[in-house]
Amino acid sequence: MSPTAGKSSIGAIAVVVLVGVYSLVQPELNARFGWDLPQLRSGDAGEVAAVPEPQARPKSQSKSESQARQESQSKSESQSDSDLASASEPSVNAGPESDLKPESDLKYGLLREIAADRYLSPAGLLYTPGSAEGHRLEHLRRHTTDDPSRPGSHGVFDGDMEGALETIDQAYEKAKQGTKTTKRVDDGRTIYTVDLGRRIGFVGGREGARKRHPMARRVRIVLEGTRVITAYPL
């Protein structure tokens, strides 16, 4: 080996050692002083070159598959919650319970119109067209005022139509529980006589007038299913 070749080999070894030392301290120097020293590498012939930094990916492409999966799952869960909320809202075609109207639209402040001329009470009683008066509500109205010329007894509710409807609902609730109630079935109609234990009206008509309009505490309700045929105080 020639002296020149020996010196070259020693120089190359020295360069490799220096590059190795530099590679060890370069990250520490950058971190401590905020420098941006490049990484170095040495070739077989002892030459030194800076290692090019990888190009940063655009932000739109920097998400990992895990992040993308999490975002997709979050969107799916959000959509499911939205669908569930929509499904839980009442449908306008779902039946009587769905035809909700503002309180100001309730007939007599109590009845909801669930179809043309069909009204539902809070207790679940139906008032529909029928009777000589044309509608069961109009028939019921006759029992909110006295008819002194009517033969026999004529039960009259206190509180006009609002009072009558509330009293009938209360009596129906007690009838379903069997509390102070008698029940019979006649020609497909169920007849309840319910003692509410308080004044709910009076007995009018000719017989009531003869007895000086005694107080009424009982209600008679005649139903076909839940449809009210008539109701009056006794």
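The values are calculated or read from the model by the stated rules, or taken from the named source; none is laboratory data. In this text, all values refer to a predicted model and were calculated from it rather than measured experimentally. Glycine gets a Cβ as well: all are built from the backbone with ideal geometry, and neighbour counts include every protein chain shown. Note: areas computed on protein heavy atoms with side chains; ligands, DNA, RNA excluded. Shrake-Rupley method; radii C 1.70, N 1.55, O 1.52, S 1.80 Å.
Consider GLY188 against the criteria (1) within 35 Å of the chain's Cα centre (by Cα); (2) open to solvent by 20 Å² or more (accessible area, probe 1.4 Å): it satisfies all of them except one. Which criterion is unmet?
(1)
For the stretch 124-141, which residues satisfy the criterion of being crowded, with 18+ Cβ neighbours inside 10 Å and either among the hydrophobic types (A, V, I, L, M, F, W, C) or in a helix (DSSP H, G or I) (or both)?
Answer for the stretch 124-141, where residues must be crowded, with 18+ Cβ neighbours inside 10 Å and either among the hydrophobic types (A, V, I, L, M, F, W, C) or in a helix (DSSP H, G or I) (or both): LEU125, LEU126, ARG136, LEU137, HIS139, LEU140.
Looking at the stretch 168-185, which of its residues are surrounded by fewer than 20 Cβ atoms within 10 Å (Cβ to Cβ) and assigned to a helix (DSSP H, G or I)?
Hits for the stretch 168-185 are ASP169, GLN170, GLU173, LYS174, LYS176, GLN177.
Within the stretch 99-115, can one find any residue that is assigned to a loop (DSSP other than H, G, I, E, B), open to solvent by 80 Å² or more (accessible area, probe 1.4 Å), under 24 Å from GLY204 (Cβ atoms) and modelled with pLDDT under 95?
no
Go through the stretch 193-217 and give me each residue that's surrounded by fewer than 20 Cβ atoms within 10 Å (Cβ to Cβ) and in a strand (DSSP E or B).
Within the stretch 193-217, THR193, ASP195, PHE202, MET215 meet the criteria.
Among (1) of a type outside the set (Gly, Ala, Ser); (2) within 24 Å of LEU120 (Cα to Cα); (3) assigned to a strand (DSSP E or B), there is one condition LEU165 misses while meeting the rest; what is its number?
(3)
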